[in-house]
1. So for region 644-684, Kirkwood radius off the Cα pairs, Stokes-Einstein at 4 °C and 1.567 mPa s: how many µm² s⁻¹?
2. Give the Kirkwood hydrodynamic radius (Å, one decimal) of region 642-794, defined as one over the mean of 1/r across all pairs of different Cα atoms.
3. Take every Cα-Cα distance within region 79-218, group them into 5 Å bins from 0 onward, and report for each bin the whole-number percent of pairs it holds.
4. What chymotrypsin sites (Phe, Trp or Tyr not before Pro) in region 213-262 are in a loop by DSSP, with at most 13 other Cβ atoms within 10 Å of the Cβ?
5. For region 35-161, report the accessible area per residue in Å² (1.4 Å probe, heavy atoms, rounded to an integer).
6. Provide the solvent-accessible area of GLU256, counting protein heavy atoms only and rolling a 1.4 Å probe, rounded to the nearest 10 Å².
7. If the reach is capped at under 19 angstrom between alpha carbons, list the aspartates and glutamates near LYS751, excluding any in the same chain fewer than eight residues apart.
8. Give me the percent of Cα-Cα pairs in region 706-817 that sit more than 26 Å apart, rounded to a whole number.
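The values are calculated or read from the model by the stated rules, or taken from the named source; none is laboratory data. Fair warning: this is a prediction, and the values are worked out from it, not measured in the lab. Here Cβ is always computed from backbone atoms with ideal geometry, including for glycine, and neighbour counts include all displayed protein chains. When the accessible area is computed, the model is the full protein with side chains, heavy atoms only, and any ligands, DNA or RNA have been set aside. Shrake-Rupley method; radii C 1.70, N 1.55, O 1.52, S 1.80 Å.
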Amino acid sequence: MHRLPLTGEWQFRKSDSETWWPATVPGSVHTDLMELGLIPDPFVADNEKRVMWVAESDWVYRRTFTVDAAMMKEQRISLVCEGLDTLAEVTLNGVRLGATDNMFRRYTWDVKSLLRPEGENELVILFRSPVQYITAKMAERPLRGVSQAIEGGQYLRKAPCQFGWDWGPQLPPIGIWKDIYIEGRSFARIVDVRFHQDYYSDKLVTVTATITIERWSNVPLIAVFELINPEREARHAEAEVTGDTLTLSIQIKDPELWWPNGYGAQPLYDADVILLTEKKACDLVSYSIGMRTLELRREPDAWGESFTFVVNGVPIFAKGSNWIPADSFPTRITDAILEQLIRDAAASHQNMLRVWGGGFYEEDRFYDLCDKYGILVWQDCIYSCSIYPMWDEAFIENARIETLENVRRLRHRASLALWCGNNEMEAGWVYWGWDRPENADLKADYDRFFHQLLPAWIAAEDSEHAYWPSSPSTGIPFQPPHGQERGDAHYWDVWHGGKPFSAYRSQYPRFMSEFGFQSLPPLETIRTYAEEADWNMTSYIMEHHQRSASGNGKMIAHMTDHFRMPKDFPSLVYLSQLLQAEGIRFGVEHWRRNKNRVSGTLYWQLNDCWPVAPWSSLDYYGRWKALHYAARRFYAPVLLSIEDVGTVMGIHVTNDLRQPWQGVVRWSLQTLGGEELAAGVEPVTVAPLASTHVRTLDFGGRVSDENCRQVVFVCELWQDEVFIARRVVTFVPDKHLALVNPGVTVNVSQKENTLIFEVTAQSLARFVELMLAGVDVVFSDNYFDVPAGRTVTVTCPLPTDWTLDQARAALQVRSLYTSFA
């Protein structure tokens, strides 16, 4: 087998121009034009509007290449395009090979007879404008879709959010977005490998590989299945190939089980399938698999029907977030950027990401990282918030091939947890006014596709993972979703409906797969798109980088419920992030307290595709917002939370560990200046995978209108004299606290390559933020409370080439008091 890469240097031009420019593949027209300085950065100011013409135009890419004698000796030679985005016409040496219309598919053409064994070969790809295409289709039959997007995106099998969303720009890329190469093969090839694990106990498993082969030469073939454990010890099975399909099995004693993050380790086995002829490999495919069982357990219970992921027999509380494409131009996502995002999700104790249905099926490297870090993947199929042209049999066939290819590509993943049909389309039929008489045929098409065709296609290729028709859904077609009895829910009444954070406590979904609250990104990120003159929530540029209707106003409205108005724009940025963190914390802590009823929370969203006012906890540049630090606390394996109602404080400890947890709660009612009015110690024992109510305290006799602004409830969790967690709860909104200058002092020291910050305060310092000017660092904790007279110690890595004195000089400290005083 031979492979000739065709990535690297290409040329491109606008279809009506004669001027060729250098291009890079993988890439896109936008990124190539930016590299040449021919268009401005679309992420800056409102430059997005100035580059709309790019996606409205047709473009041509070309390159030349030569093939050597070894390649030409192969019996079959193909051009393989792993990803063309999207409407492409491919020509080799003047001969049209075919056309593409799906960025999620792999396209292959036989080209041996067209190749020139001597001299240069020319490959030309004409890309048609996706905007012109969908505009024409919408003129034929308008379909309901996303109001913030270029209309008609559902007519094209392309990432929906690239046409715009309520957090994303209208910048649909065009180009070769994945690998492209010439591939030569002889005798036979491996078409498909399907793995199955049979567990006789947790000490013995048989791994079976079902191998499908295409052969075109009558030569003896041997198939070899090799399984290599994490210690690099190999076992193998082999057999002669006598038909198109065969199975090979390997028995593993004492398998090293793969667990979600926080429940155990993530050992991975290498699984190689090799096709031999005359003792030489004519094909080889490699996989990474984890030894584990996984099911979506849906059983009748006291509240309706459970919706719980169970791994290796252990019910998992899914702690995570929703994943969107990490860049509007996905070819700019480096391996380092991607790993940092997944690593940071794991660092905040997340164990599940929902690959949302408005993006795309992620590349293999994404799932490699989820396997590595123990992140379960809820995988939406790529249909979202729109009515699709499912009356069109060509569209259906295109979708069938797309489904087959991506299910085969991903089904072996240890991280894969679920296939979901779409995002919020069932909700559209129930709540959004789609269900009208003139749309009766479209509703029937939806029913057929998501309740019959798609689940059948997936089940035929993957019987190991559950299929769920839509998110949210009850699992019963067109029964109103968002219910409390069964299925999953999305809850947006706080953000879109303006309800208070306490409304989260009225919800008891079986699985909360979407809920969110916006904030501004860090100030350093705002600097990348807005001049200081535009630092105002109602400025044109700030509103251009806000895609949710009245989003900035909603932030301000909620801010006035919780905090005093900020003294300046940097303080407003800080308060917006506190607001977001507090809102999501309010919901997650409630649902984790009720984990016997609720089996997971996935907040919206983990990441961003451009610098914007978003719902994310990690901004476009990967900077940790207050929400991500809060997530590391509210997703901790052992959680201390307070169910506060007026002067009543209910103390709860939630344990996600597979073993019991014992410790103590130390609580006090104290003034802002640290004077104790009451205190106590409560022993705590929490069963594995459970939540325990420790005690309820009613301070109605001690907290009154006279002192409620001067006192707080402080609760700490300890184990063997080791501090675990702290919660500070107020009796009035933070805006009404009688805060004074807390007198925060920070002692900065160094131990090897780690900076140590010892933070103390003379009076309560609420939501203390630490920053090092001029550098991005991740602290062990941030946006934390410092009660009077106590010391909070946090750390961060010493920035490269920095000294301790530099760190001391760069340290910036903010608290709630300094946001208004």
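1. Estimated diffusion coefficient is 104 µm²/s.
2. 17.0 Å
3. For region 79-218, the binned pair fractions read 2, 8, 13, 14, 12, 11, 10, 10, 9, 6, 3, 1, 0 percent.
4. When the chymotrypsin sites (Phe, Trp or Tyr not before Pro) of region 213-262 are filtered for loop state and at most 13 Cβ neighbours within 10 Å, TRP216 remain.
5. Ligands and nucleic acids excluded, the result is 43 Å² per residue.
6. Ignoring ligands and nucleic acids, GLU256 comes out at about 60 Å².
7. ASP781, ASP801, ASP805
8. Percent of Cα pairs beyond 26 Å in region 706-817: 25.
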